[in-house]
Amino acid sequence: MFWQEDIKEEHFTLPDDVQDAVFNIHSKILPIDHAYLLSKALLSHLPWLEDVNAGIHDISVADGNGWEQDHESGFGFYYPSKRSKLSIRMPKEKLDDANLLVGKTLDLGEYHIEIVKAFEPKLLSDMQIVFAKYVACDKELSEDDFLQDAYNQLQALGIHPKKMMAGLERNIKTPEGNIHTRSLMIADLRKSESVTLQEKGIGDYRLLGCGLFVPQKDIVSVNAV
């Protein structure tokens, strides 16, 4: 754990340069570890995602709703509900191009996702607590070394974290091998730092959902993720 004193907040105007394109979907069943399949399917429709620092959020359901087998290990399946959504982080100028997905069916091999409609794009948040379910890292790193590596990457973005907490370790399967990840909570960011981190992310494999930060209301909710 990495913990320093609180900070005073400055005036900040929320930018709209990067947003989340959000889609209503229909899918009967998905493997819990579907990042590679989803990325490949989306790139077949939107190949430019590789060139614009886009990020693909995984599709999930609320804990206790639709889980089958062991979620934390990445094995097993879940059953998306009508509330499940597909979200893709991208520059504002690409949002209209992304809407071409509406009416398409994403082919994930044995699994399929129908893109039903597009919702209003979602602005990034200026909340001061953010959470990434997956941050790609070396499997051999200790928790302290993982936090130090994250700290160095944040410093390179001009972000000076005061509080960080590492969480669950998971693997993302790809044809080239497993990608090891850890979850990461960062708290007491300045509003401008929070937005920058959501725009840029840290680590590699953004199209597999890694390094993508989302806002959290409080640290208690992060501990429950």
Where Cα atoms sit under 19 Å apart: lysine pairs in the stretch 18-123 separated by 8 or more or lying on different chains: 20
Within 10 Å, at most 15 other Cβ atoms, and a DSSP state outside H, G, I, E, B define an exposed site. Report the longest part of the chain free of exposed GluC sites (Glu not before Pro). 11-71
Karplus couplings for the stretch 155-167 from phi (6.51 cos²θ - 1.76 cosθ + 1.60, θ = phi - 60°), rounded to Hz, Gly and Pro as x? 4, 5, 8, x, 9, 10, x, 9, 9, 9, 9, 7, x
Set of lysines with alpha-carbon distance to LYS139 below 24 Å, sequence-local pairs under 8 removed: LYS163, LYS173, LYS200
Provide the descending list of Cα extents for the chain along its principal axes, expressed in whole angstroms. 48, 37, 32
Relative to the Cα centre, what is the charge dipole magnitude of the stretch 125-223, using +1 at the beta carbon of each Lys and Arg, -1 at the beta carbon of each Asp and Glu, and rounding to the nearest 20 debye? 360 debye
Using a basic spin-label model with each label point 7 Å from the Cα along Cα→Cβ, how many nm lie between GLU110 and LEU95? 3.8 nm
When only DSSP loop residues count, what chymotrypsin sites (Phe, Trp or Tyr not before Pro) in the stretch 83-170 have their Cβ near at most 15 other Cβ atoms within 10 Å? PHE119
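To the nearest 500 deg cm²/dmol, what mean residue ellipticity at 222 nm is calculated for the chain from DSSP H runs of n ≥ 4 alone, each contributing -39,500 (n - 2.57), summed and divided by the residues?
Working: 5 runs with 44 residues, N = 225.
About -5500 deg cm²/dmol.
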Can you tally the net charge around ALA35? Count Lys and Arg as +1, Asp and Glu as -1, for every other residue whose Cβ sits under 12 Å from the Cβ of ALA35. +3
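Any read-out appearing in this document is the output of simple, stated calculations on the displayed coordinates, not a laboratory observation. Predicted, not measured: the structure shown is a model, and the values here were computed from it. Neighbour counts run over all protein chains shown; Cβ positions are idealised from the backbone, glycine included.
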